[in-house]
Amino acid sequence: MSFVLVAIESAKVKWQTDQAKAAQQQKLAEPENAAAAPSSNNKMSWGTELWDQYDNLSIHTNKGIEVLDKYANFLRDRVAIETEYAGKLRRLVKNYQPKKKEEEDNEFTSRQAFRNLLKEVGDLAGQREVVSETLQLQIIQGVTLLSKTLREDRKKCLNDGTMLQQTLSAQLSSLERAKRNYDKAYRDSEKAVENYKKADMDFNLSRAEVERYKNIMTSKIQQSDDAKNEYANQLQKTNNLQQQHYGILLPAVFNRLQELDEKRTRGIREFIIGAADVESSVAPIIARCMEGIVKAGESINETEDSLKVIERYQSGFTPPTDIPFEDLSKMDPSAVPQSNYSSVPYNHLTIKSGTLTAAKLKKARGGILNSIFGSNKEDFSDLPPNQQRKKLQAKIAELQHKVDQETNTRDGLMKMKIVYEANSSLGNPMTVEGQLNESEHELEKLKVNLKKYQGFLDKANQLQVANNSPQSNRNQLQNGHRTSRHSNGSASADDHHDGDDQPDDAGSLSSSASPESGLGTSHTSLPGSGQGSANENATGEETSYETEVELLQPLGTCRALYPFEATSEGSIPMNEGEELQVIENDQGDGWTRVRRANNSNGWDEGFVPTSYIECTLFA
């Protein structure tokens, strides 16, 4: 009996000792866990404050990413609206662009302002397109990439958290099994001790029976001790794992989720500010567009437009004088009375009184527009005097411009021909002979037409002066009635001169060598180069070009930066570093004329690319 009691007491002492060791190990582990915990830097940490809110944190982070996706969809819809708005603005500008038939009205300040307004609105459309493209390329792509990254990181964090939870749950299950085993073994050991005590007190049992109960008791006590040790071991492992789980491992996962959510929040802030910056970047340009629109409106000048209306539609006719009284008693009875009331000009078109049908009204309008905007005669004599002079002046300016262009062309061909004649190695002068003849002929025709239209203008000016003289007004009131005038402003059919009269033939054109060429005459005539004109037929004289060859004074020197192979007629080859004389600067065509001495005690002249040489001109 005493042996049994000693065994029980020893088991209790051992169990208490194991419990004390476990408590001591737990206390020793607390500083280590505290040191291993991440520093919060005085900031609230999800891992510390929300250690038991795994499910809520999972839901919260998912909602945050959904907000980011919603903002991305908002930006896509806004980009679509910006693109549509810009496209509609451009179509609006295109639809309201002035038509070609309205180009004459562009001289009015109101039309010019409207055209400038359309230009500024087109620029506004361009800025909306810039906003749309920038939002698409920078903001939307950034939001989409951030959302994708956050979803992947969140998935990894949740997977790690799930694994930690599963590991802790498995350890808790092991602890529960060890505890149940220990509880069962402990009850069995107590029952065995009790049975042994009864058997030891029962004098009817044999010594062998008592010894069997004793062995059973000893076996059960040993099983209880083993189960107890297993339970203590599992408890220690569970506590250590639980401390690591809630103190280190799970907080690390929660802190990663916190960083992920803060990154998402910070990203939304930056993207909203970035979208505003995109809008602000085009604000100065849009403001300048608005200033341009205001400036266009301020440029409208009603007085100037009124004067331009007068300039465009003023006919030059004098207002009609009073209609004289016709005394029939003093007139020849045999004379046929004439009515002159319908001869009063009205807007350069006489319209008889009466009811106008739609067809007649359309025809009348057509006649008015034709009289204002067009003419079917070469001298524009079917237009009012002022409009006739305006058209003639425009035609003369156009012809003068063509004469200047053709003169420059003729001079260039002449210059090239003289250079070729002076140095046949540069090219064959006959290659430009045909072009020169054609240019001379075209120039002759242009000058003849120019002189013809100048004659038309002189005649129109003289007629206007005559019509505005007092004598002209008096002549219109002879024999008690007005003299009818034609719509073109001429006095009558008897006084009208045919506008097709040709002016005197212009003198034949003769040109000497251009001063730039530096060459004299070469006694080379140009047969058929314009001398077969009207003037040549009248005088029988033939124009010739006479030059004398002499060297041009060099303007400076140049050095070849690169080698050049002469592949076109009139050019000369050169080697890198070669020194040459500059005798003619680049005239804007990219070629410079140079000269160098040859082995025959002569000179080689030609053109080289200006970009291939470095020139040093004389002072």
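The values are calculated or read from the model by the stated rules, or taken from the named source; none is laboratory data. What you are looking at is a predicted structure, and each value in this text was computed from that prediction instead of being measured. Note: ideal-geometry Cβ built from the backbone for every residue, glycine included; neighbour counts use all protein chains shown. Heads up: the accessible areas ignore ligands, DNA and RNA and are worked out on the full protein's heavy atoms, side chains in. Shrake-Rupley method; radii C 1.70, N 1.55, O 1.52, S 1.80 Å.
Some observations on this one:
- Stretch gain in nm, segment K445-R151, where the contour uses 0.36 nm per residue and the Cα spacing is subtracted: 97.6 nm
- Applying 1/(1 + (r/R0)^6) with r as the Cβ-Cβ distance of I273 and S299 and R0 = 41 angstrom yields a FRET efficiency of 0.55.
- With 0.36 nm allotted per residue and the present C-alpha distance subtracted, the E84-K377 stretch has 100.3 nm of extension available.
- Where labels lie 7 Å past Cα in the beta-carbon direction, separation of R559 and A394 in nm: 5.8 nm
- Under 20 Å from the R180 label point (7 Å along Cα→beta-carbon), backbone N, the range 227-243: 227-239
- Computed extension length for Q166-E104: 13.6 nm, one decimal, from 0.36 nm per residue of separation with the Cα-Cα distance subtracted.
- Length-normalised contact order of the range 189-284 in % [C-alpha pairs under 8 Å, at least 6 apart]: 22 percent
- Rough spin-label spacing in nm, given labels placed 7 Å along Cα→Cβ, for S219 and E438: 13.1 nm
- Here T616 and A566 are evaluated by their C-beta separation; at R0 = 35 Å the FRET efficiency comes out at 0.95.
- Projected label points at T265 and K197, each 7 Å from Cα along the beta carbon direction, are separated by 6.6 nanometres.
- Sorting I572, I272, I285 by accessible area puts them as I272, I285, I572; the probe is 1.4 Å, largest comes first, and only protein heavy atoms count.
- Where a label projected 7 Å from the Cα of E49 along Cα→Cβ would reach, residues of the range 255-273 with amide N under 20 Å: 255-267
- Taking all protein chains as shown and a probe of 1.4 angstrom, T303 keeps an accessible surface of around 80 Å².
- Table column - 3J(HN,Hα) (Hz), the range 159-169, Karplus curve with 6.51, -1.76, 1.60, x for Gly and Pro: 5, 5, x, 5, 5, 5, 5, 5, 5, 5, 5
- Rounded to the nearest 10 Å², the accessible area of M201 at probe 1.4 Å: 130 Å²
- In this structure the amide hydrogen of G606, modeled in the peptide plane, comes within under 5 Å of the amide hydrogens of V594, none closer than 5 places in sequence on its chain.
- For I139, solvent-accessible area (1.4 Å; no DNA, RNA or ligand), Å²: 10 Å²
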